[in-house]
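Reviewing the structure listed below.
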């Protein structure tokens, strides 16, 4: 088997969905709230920390992080997906945009994206030595030949050597496009 085949076996959308999306969607779905709004800033903080703790325990089957780490990660996830920082407390207290459930959904989406990228990077570096130009070019050559019938004519003029500099991003974008159509893949 070629390295491209090995990589694509592990980066099959069904595998990615099973490893990254389903556990996170299940954790988010299992967490229930008493209310979609927080009555105070302290209740908002407690809810976010409790959710993060629940989510990580559910997905990773492990111990708790300290509350300050959970809160910090939640802030990073909210900033990453929604660009929210201070406004997240307003959303939780007012119920705007759906309130706390909206914030928890943003957090769950950011965790999924982080897991997906980590899994992708792990698979790529497991099968390809990033310091071997020959391996990277061969991977891009196989990638290009597998897509030649499904790509625009201009794709034929791009040399594998030219794609080698950004090989991770090229494959990541391809995988992202495939997993966007998850309704076509069996869960």
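The values are calculated or read from the model by the stated rules, or taken from the named source; none is laboratory data. From a predicted model like this one, the values you see are computed outputs, not experimental measurements. Because the Cβ atoms are built from the backbone with ideal geometry, glycine has one as well, and the counts that use them run over all protein chains shown.
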Practice task
Only residues in the stretch 71-87 that are at positive phi and surrounded by 15 or more Cβ atoms within 10 Å (Cβ to Cβ) count as the first member; pair them with residues that are modelled with pLDDT under 90 and part of a loop (DSSP other than H, G, I, E, B), Cβ under 7 angstrom, at least 6 apart or cross-chain, and list the lot.
Solution key: none
Completion exercise
Inside the stretch 1-17, the number of residues satisfying the requirement of being free of Cβ contacts under 8 Å to residues at least 60 places away in the same chain and either closer than 25 Å to residue 98 by Cα or part of a loop (DSSP other than H, G, I, E, B) (or both) is 2
Exercise for the section: Look through 123, 170 and report the one residue that is farther than 30 Å from residue 49 by Cα, buried (at least 18 other Cβ atoms within 10 Å of the Cβ) and either touching a helix residue (DSSP H, G or I) at 6+ places or on another chain (Cβ under 8 Å) or free of Cβ contacts under 8 Å to residues at least 60 places away in the same chain (or both). Expected result: 123
Exercise for the section: Of all residues in the stretch 19-43, count the ones that are in a helix (DSSP H, G or I) and either under 22 Å from residue 121 (Cα atoms) or more than 19 Å from the chain's Cα centre (by Cα) (or both). Expected result: 11
Exercise for the section: Scan the stretch 18-54 residue by residue and report those that are in contact with a helix residue (DSSP H, G or I) (Cβ under 7 Å, 6 or more places away or on another chain), farther than 24 Å from residue 176 by Cα and touching a residue at least 40 places away in the same chain (Cβ under 8 Å). Expected result: 31, 33, 36, 37, 38, 41, 44, 47, 48, 51, 52
